[in-house]
Every structure is written in C-alpha cells, then in structure tokens.
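Notes to accompany the following structure.
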Amino acid sequence: MTLSQKLIIFAYPLLHKFSQCVGNNSFLQSNIMAPESFYQLQATLNNEQVLDFSALKGKKVLIVNTASDCGYTPQYKGLQALHEKFKNSLTIIGFPSNEFGEQEKGSDAEIEHFCFVNYGVNFPLAKKSGVKKSTEQSKVYQWLTQEEKNGWNSKAPDWNFCKYLIDENGNLTHFFPSAVDPMDKKLLEILYFFFMFSKKL
C-alpha cells in the first residue's frame with residue numbers, strides 16, 4: 001500500500017462525516033419493472049471467467065464502480081463486510097474504472113492483489129471497464145443508466161463507489177451515491193427489509 005493510500009484510509013472517516021453534513025448521501029429508489037432483462041447481461045471477471053447474470057436469479061445484486069486511489073477506497077472494507085454478512089442472499093460485483101481522476105491505473109491483476117491484501121476482498125471483481133456514458137461504457141452500465149433498459153434510472157456514476165441495487169427479480173430498485181457507506185444504516189435497513197419481505201413470500 002502506498003503512502004497516499006494509507007492517508008486515504010486515515011482520512012476516510014472525516015470524508016464520510018463531511019459528506020453526511022453537506023447532504024451528499026441521498027439516494028434514489030423505484031419499484032418499476034425493467035423493460036429489458038437484467039439476466040441477459042454478463043460480465044468478464046478479472047480472472048477472465050465470464051459471470052452470466054442469469055446465475056444471479058433469486059438474489060439481490062449490488063453493483064459498485066470502484067478504484068484503488070480514491071478517497072472512498074476504504075469502502076472496500078464495508079463491501080467485504082456486506083458480502084460476508086449477506087453472501088447467501090446478496091451478490092456484490094465491483095467494476096474497477098479509471099474514469100474519475102486517474103484513480104485506477106493498475107492492471108486487473110494488480111487491482112485484485114491490492115483489494116485482497118488490503119481489504120480481504122473475495123467478492124467478484126470485473127475487468128476494468130467504462131462506467132460513464134460514452135462509447136466505452138460497458139453493457140452492464142448501459143443497462144443501469146438507460147431508462148429504456150432498466151425502467152426508470154438515467155443517472156450514471158459521477159464518482160467512484162456509486163452503488164446500484166437490483167432485486168431478486170432483476171429490477172433496479174436503488175441508486176446510492178459515493179458518499180453512502182456500504183454499512184450505512186439506510187442501506188442496511190433496505191437490505192434487511194428486502195430479506196424479511198422475501199422470506200414472507
């Protein structure tokens with residue numbers, strides 16, 4: 001871990017508290033059914049294996065665009081904690097991207113090593129890809145950010161560690177901005193509600 005990455009970890013609690021104070025932690029939600037199936041998508045992981053999203057049916061999915069040299073990089077710790085807490089009901093997929101301030105310059109192998117050594121990450125990480133709206137945007141992020149595909153949301157990530165929550169039926173239900181920590185009370189309440197409601201069905 002570099003000196004700048006160590007400083008990021010030290011400063012993250014202050015960044016998180018500041019974001020809450022200035023109101024950067026609000027989120028969007030909807031219960032609209034997706035016109036195009038989430039389960040037709042797939043992602044190539046950093047080990048070259050292809051994850052077919054049809055294998056995720058019946059699970060919640062949290063998709064996060066990540067980076068190794070961002071002020072929000074310590075959120076990897078919270079994402080791993082979420083993964084361990086809900087791994088039977090929730091799949092987390094990280095999408096490393098170098099589109100915000102050159103904060104993810106490493107290779108896929110270097111990213112995987114960094115995440116495992118420093119945060120114990122063992123949830124799936126996709127190959128580095130485009131998440132912003134452009135000709136380089138991955139098909140997964142096209143679905144997440146085009147209303148005609150997901151049914152309601154057109155908001156693309158505006159920084160690293162934006163979060164999209166998909167329910168067990170393949171519908172996009174929530175968008176959480178970078179400032180919402182993975183272990184944030186609001187996000188946890190939503191997950192607990194989802195899991196309790198699912199058990200009653």
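The residue of the range 30-69 that is nearest to the chain's Cα centre (by Cα), among those that are in a strand (DSSP E or B), among the aliphatic types (A, V, I, L, M) and crowded, with 18+ Cβ neighbours inside 10 Å, is V64. If F194 passes every condition in (1) in contact with a Lys or Arg (Cβ under 7 Å, 6 or more places away or on another chain); (2) more than 26 Å from M33 (Cα to Cα); (3) surrounded by fewer than 22 Cβ atoms within 10 Å (Cβ to Cβ) but one, which one does it miss? Every listed condition holds for F194 apart from (2).
Return yes when K128 is within 14 Å of the chain's Cα centre (by Cα), open to solvent by 20 Å² or more (accessible area, probe 1.4 Å) and modelled with pLDDT of 95 or more and no when it is not. Steps first, please.
Numbers: within 14 Å of the chain's Cα centre (by Cα): yes; open to solvent by 20 Å² or more (accessible area, probe 1.4 Å): yes; modelled with pLDDT of 95 or more: yes.
Yes, satisfied.
Mind telling me which of the residues F18, F116 ends up being surrounded by fewer than 20 Cβ atoms within 10 Å (Cβ to Cβ), modelled with pLDDT of 95 or more and over 15 Å from the mean Cα position of the chain (by Cα)?
Residue meeting the stated conditions: F116.
If you take the residues of the range 135-149 that are of a type in the set (S, T, N, Q) and open to solvent by less than 40 Å² (accessible area, probe 1.4 Å), which of them is nearest to Q40 (Cα to Cα)? That would be S138.
You will find that of N47, N88, N31, the residue that is under 19 Å from K128 (Cβ atoms) and modelled with pLDDT under 95 is N47 and no other.
Take the range 79-113 and flag every residue that is surrounded by 17 or more Cβ atoms within 10 Å (Cβ to Cβ) and closer than 23 Å to L191 by Cα. Within the range 79-113, L79, Q80, L82, H83, F86, L90, T91, I92, I93, G94, F95 qualify. The numbered conditions (1) under 13 Å from the mean Cα position of the chain (by Cα); (2) open to solvent by less than 10 Å² (accessible area, probe 1.4 Å); (3) not hydrophobic (A, V, I, L, M, F, W, C) are all true for D181 except (2).
Exactly one residue among N122, N160 is modelled with pLDDT of 95 or more and surrounded by fewer than 20 Cβ atoms within 10 Å (Cβ to Cβ), and that residue is N122.
The values are calculated or read from the model by the stated rules, or taken from the named source; none is laboratory data. Worth saying up front: this structure is predicted, and the values here are computed from it rather than measured. Using ideal geometry, Cβ is built from the backbone for each residue, glycine included, and neighbour counts are taken over all protein chains shown. Quick note on the areas: whole protein, heavy atoms, side chains included, nothing else; ligands and nucleic acids left out. Shrake-Rupley method; radii C 1.70, N 1.55, O 1.52, S 1.80 Å.
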